[in-house]
Structures are given as C-alpha cells and as structure tokens.
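Asks: Sharing a structure with you now.
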Amino acid sequence: MPYRSKFVLSLFALGVICLGSATARADSIIVGNSTGANSTATVTMVSLVPAGGGNSTFSFRLTNTSPFDARITAVGFDLVGGDNTLGNDGIDGFTASNVGNFTFGDGDLGNVPQFNSATLDFGFSVGNSGNFSGGSPNDGIAPTNFLTFSVTGNFQGLTSAQVEAGIFVRFQRVGANGQGSDVGTPTAPVPEPTTMLLLGTGLAGIAAKVRRRRQAV
C-alpha cells in the first residue's frame, strides 16, 4: 500500500480512537468525607436516555471498593445544574423499582449526615426505613460487590456528568473494627484504562510510521 494511503488510514484510525476517548464511560470515584480511603466506591454511568413524555431514564452502577467490611446502605442524588438548583426539594416525580435490599424513595430521604444542606431529590436505602441515615449494614453492598440502579424522571437540562456530581453514598461499619460511618461524594472522573491504552497505541503507530519515513529518505 502506498505510504500516503497508509498515513491517511492511520490518521483515520487515530480519529476513531480519539472519538471513542471523548465518549467513553468514566468512573467517578467516591471517597468518604471523614474516613477517606476506608469508605470508597465507584459510580459508573450506564446510560441517560429519553423515556418519553419529557422524561429520561438514568442508569448507574455502584461498586463498593472499601477495605475491611464497610457497607453501602444508601445512595441519593441532589441534582445540580441545568434547570435544577442545589437543595431544591421540589424536583420530584421520579420512579424506580426496588433493587436488591434497597428501597426506592422519591423526594427528601432525611438529612444527609455531614451534609445537612443537601436535600435529596431521589435515592435508595436498605430496608424500608426510607431514611438515608438508617438501615442495617447487613443488608448493604459489601466490598467488591455492586448493584445497578435505574431511575426515570425529569432530568431535563442535565448531563449524565451533572447527575453523577450530585451523588451521596452512605457507608456504615467503616474501619478495621467496623467502628465508623461516613458519607462520600465524588472526585474527578477517571478515564477507562482501555481507552488510554487504545489512544496510546494509535499515537505510537503514527510515530513509528513517521520514523520509518525519515529513515527511508
């Protein structure tokens, strides 16, 4: 194949890789507010798709990455950005099915420990407590385990990243002796390792072609 054709093909491949990099899913790392690395999780956006009637369905996967035996017993969202404002508990009308030991709640699920200004628009908590602070740790998500949740409602004006930014995760039985509890919020998203590997491979391929061309001159 002529060099020019190979070069054009390489540029095209790189463009596809870069496009994939821009749209690839990223995980938001959840870190405990006071216990740090003893209460951690990841939330992965699965999808945010129109559901008709002006509503959309938001799906996310929550994985417990804590050490020891810390359990996730609640997860809730205080929507930020778009047409919504922080602390606005008038955003309701969300629906969802219960997941595992978690019961869905639409509206205020009570105060969020350590974040009393947060007013949750919807969330899930273990058991039938309907309370972000309650529930038995035995019913929560154990380390290395995950659950996938889906919620349908008015997400107008919000991107998936903005929805994820409003997440609060409740941890219980935190620490080596299970002595603590905490609430975690997200840090900056981290690109998927496979995306970075593909991008690096594409760049390396073009660099190799440029070197071979120079050596042939």
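Just so you know, all these numbers are worked out from the coordinates, no wet-lab data involved. From a predicted model like this one, the values you see are computed outputs, not experimental measurements. Cβ coordinates were reconstructed from backbone atoms using ideal geometry, including for glycine residues, and neighbour counts include every protein chain displayed.
Asks: Please work out how much length the chain gains when fully extended from residue 47 to residue 145, using 0.36 nm per residue of separation minus the C-alpha to C-alpha distance, in nm with one decimal.
Replies: Gain on stretching residue 47 to residue 145: 33.3 nm.
Asks: Let me ask something else about it. Once phi is turned into θ = phi - 60°, what whole-Hz ³J(HN,Hα) does the Karplus curve with 6.51, -1.76 and 1.60 give for every residue of the range 159-170, x standing for Gly and Pro?
Replies: Each residue's phi maps through the Karplus curve to give 8, 4, 5, 5, 5, 4, 5, x, 7, 10, 10, 9 Hz.
Asks: Provide the FRET efficiency to the nearest 0.05 for the residue 92-residue 179 pair, computing r from the beta carbons and using R0 = 45 Å.
Replies: The pair residue 92/residue 179 has a calculated efficiency of 0.80.
Asks: Hey, another quick one. If you add up the charges near residue 151, with Lys and Arg at +1 and Asp and Glu at -1, over every other residue whose beta carbon is less than 14 angstrom from its beta carbon, what do you get?
Replies: -4
Asks: While we're looking at this one, here's another question. For the range 28-167, max minus min Cα coordinate along each principal axis, in Å, sorted largest first?
Replies: Here the Cα extents, ordered largest to smallest, are 44, 28, 27 Å.
Asks: Would you tally the net charge around residue 173, using a Cβ to Cβ cut-off of less than 13 Å, leaving residue 173 out, and scoring K and R as +1, D and E as -1?
Replies: Taking every Cβ under 13 Å from that of residue 173, the sum is -1.
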